[in-house]
Amino acid sequence: MHVVATAGHVDHGKSTLVRALTGMEPDRWAEERRRGMTIDLGYAWMRLDDGTQIAFVDVPGHERFITNMLAGVGPVPAVLLVVAADEGWCRQTAEHLAALDALGVHHGVLAVTRSDLGDADLAIEEARDYLAQSSLAGIEAVAVSPVTGCGLDELRAALHRMTGQLHQPDSSATRLWVDRVFTIQGAGTVVTGTLASGRIAVDDELTVSSTGDTVRVRSLESLKTPIGSASAVARVAVNLRGVKRSKIRRGDALITAGLWPDVRSMDVRLVNAPTRLPVQPILHVGSAAIPTRLRSLGPDAARLNVATPLPLHVGERALLRDPGRQHIVAGVVVLDTDPPKLTRRGAGTRRGADIAALSGAPDASSEVGRRRAVRVDQLVAAGVLRRGDPPPANAVVVGEWLIDSAQWAQWQRELQAAVDGWADARPLTPGMPRTAAVQRLALPDQAVLEPLVRQLPDLVIDGDGVHRRDAAAAFPPKIEAALHDLTRRLTEQPFAAAEGPDLDAAGLTDRYLAAATKAGRLLHIATGVYLLPTAPDEAVRRLASLPQPFTLSQARQALDTTRRVAVPLLELLDRRRATVRVDSQQRTIRP
């Protein structure tokens, strides 16, 4: 199926032409038929001789219904532009062309209607002059009269040639822009819309973009025919489970969870923008019309903050409309769906310069380079990378993170300098804690630190933090001498632990003793009790020579020590399972 929107000035015969092509009445409301003017969106379809189906979204031409017109044109890739031969090019025709041009619609057919009432050749020539500077330049033109039937076959042939040039959307992420919501008794909520990308099938779970609610597809129709699934681009009606009619409206989208971001702020390029822009324009994208706050970032760049989250990808096109004057003021190309906050003075100007070089084309390599570090799911949601695609050449892959190779090299340099600075400032604890390293480098995730260290042969990361391979606690000369003296005394008398006053007199404060223990030079047995790391093995050797089992008093005498040392030492041997308690008074060496 191919979906085509109509466009053109009010009362130029768009609905009459669609009726003549399809044999269907596109105007849904009695008032529309009574007044002879399309007010809301109408739908009709036809099948060509080769089986090709074309679904028309008939939009209103009157300027008062510009919002409805944009809701119909927004998600549609091709247009049937209608100009009446007896009136020629009109103001609203130009307004519709401006919208189509800003949206980047390149495919269409020009139908000059009422050719039996005016000079069709002159009208075609005039229209081509207006189209020459737009995205629709060079489209095929056909003179037609729905009343006499003249030119209808030629128009069908032109539409067939035009649809042959349309391409299937590249995105596999489902997005259905809702343009109509109603209830069917016994079935529940039904929405219709243009499936602009991806695929939808019965029993699919989808998300309502504005609320985040999960809904399930109960049944599907396309062109009033029940179907099991549909692929973009298509007109579909979807019967939903899990949502009331009041909870979904025109402008919402049904999307695949995780493949579309909730965009509340975006940086955009403005197309054909005037010098002065409204501060609070209406943003039209898909079938949505959302109040927006605009902040200029430069001559053709702006930050848009929207009132309702929108599912958008980088590179998409939209329109800005002046809510007071009802006319389109600028086109929009989405450049960044997750822009940085602008908090410092001059940040807006700098941001404008940063995005000036962005083309708007989805490019994973440039996104990684610009963001420096980004999660894969962020790029997938932004529409610049597909899940399962290989990473760009400039990216270092760390779990779910893609990190720019230049940023990776910079972090490595900064980490080595930070580790050395930490060791110089804290010689007793040369290992830089992981959290300190993450904060110093402003890493996006602590999980990035270990892979970063592993690629640096001179650094290690362990229980002591990040440090040089040969790093060791460095003590002041006076403390080093005191430790040397303590080690000598404990070597001679392994269980003669120094008393607290003796340690204080030597300058061995808790800080230095803790550092010596961490460095493996001392063993902390209990509060104020320090021995050599070899003391437990020496104690087992001596206690094994005693008659088994033995008491605390016997152990103290064998070790030639005090109760202050013997009690915690034996408890340590119990924990290490070197000794076994026989009863409350006796122990034995474990065989």
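The values are calculated or read from the model by the stated rules, or taken from the named source; none is laboratory data. Small disclaimer: the values here were computed from a predicted structure and weren't measured. Heads up, the Cβs are rebuilt from the backbone with ideal geometry, glycines too, and the neighbour counts pull from every protein chain shown.
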(request) Quick one: in the range 566-581, of everything that is β-branched (Val, Ile, Thr) and in contact with a strand residue (DSSP E or B) (Cβ under 6 Å, 6 or more places away or on another chain), which residue is farthest from Thr487 (Cα to Cα)? (result) Val580
(message) Just to check your reading of the model, which residue among Ala496, Ala423 is farther than 26 Å from Ser365 by Cβ, assigned by TED's automatic domain parsing to the domain that holds Asp537 and aliphatic (A, V, I, L, M)?
(response) Ala496
(request) With the checklist (1) closer than 25 Å to Ala473 by Cα; (2) of a type outside the set (A, V, I, L, M); (3) in contact with a strand residue (DSSP E or B) (Cβ under 8 Å, 6 or more places away or on another chain); (4) assigned to a helix (DSSP H, G or I) in hand, flag the one item Pro533 doesn't pass. (result) (4)
(request) Considering only the range 259-303, state which residues are of a type in the set (A, V, I, L, M), closer than 30 Å to Glu205 by Cβ and in contact with a Leu (Cβ under 9 Å, 6 or more places away or on another chain). (result) Val263, Met266, Leu283, Val285, Ala288, Ala289, Ile290
(request) Can you work out which of the residues in the range 361-376 that are more than 13 Å from Asp389 (Cβ to Cβ) and touching a residue at least 24 places away in the same chain (Cβ under 8 Å) is surrounded by the fewest Cβ atoms within 10 Å (Cβ to Cβ)? (result) Ala361
(request) Return only the number of the condition from (1) within 30 Å of the chain's Cα centre (by Cα); (2) outside the structural domain of Ser246 (by TED's automatic domain parsing) that Asp179 does not satisfy. (result) (2)
(message) What's the total number of residues in the range 421-461 that are in contact with a Lys or Arg (Cβ under 8 Å, 6 or more places away or on another chain), surrounded by fewer than 16 Cβ atoms within 10 Å (Cβ to Cβ) and in a helix (DSSP H, G or I)?
(response) 1
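Is it the case that Val466 is at negative phi, of a type in the set (A, V, I, L, M), out of contact with any strand residue (DSSP E or B) (no Cβ under 8 Å at 6 or more places or on another chain) and not assigned by TED's automatic domain parsing to the domain that holds Tyr512?
So Val466 fails the test.
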(request) Return the residue satisfying two criteria in turn: it lies in the range 192-214 and is in a strand (DSSP E or B) and touching a helix residue (DSSP H, G or I) at 6+ places or on another chain (Cβ under 9 Å), and of such residues it is surrounded by the most Cβ atoms within 10 Å (Cβ to Cβ). (result) Thr194
(message) Can you find, within the range 384-412, the residue that is surrounded by the most Cβ atoms within 10 Å (Cβ to Cβ) among those that are under 17 Å from Ile461 (Cβ atoms) and not hydrophobic (A, V, I, L, M, F, W, C)?
(response) Gln412
(message) Need the failing condition index for Arg344 against (1) surrounded by 17 or more Cβ atoms within 10 Å (Cβ to Cβ); (2) free of Cβ contacts under 8 Å to residues at least 12 places away in the same chain, just the number.
(response) (1)
(message) Looking for something under 22 Å from Pro169 (Cβ atoms), modelled with pLDDT under 50, small (Gly, Ala, Ser) and not assigned by TED's automatic domain parsing to the domain that holds Ala234 - is there at least one such residue anywhere in the range 31-46?
(response) no
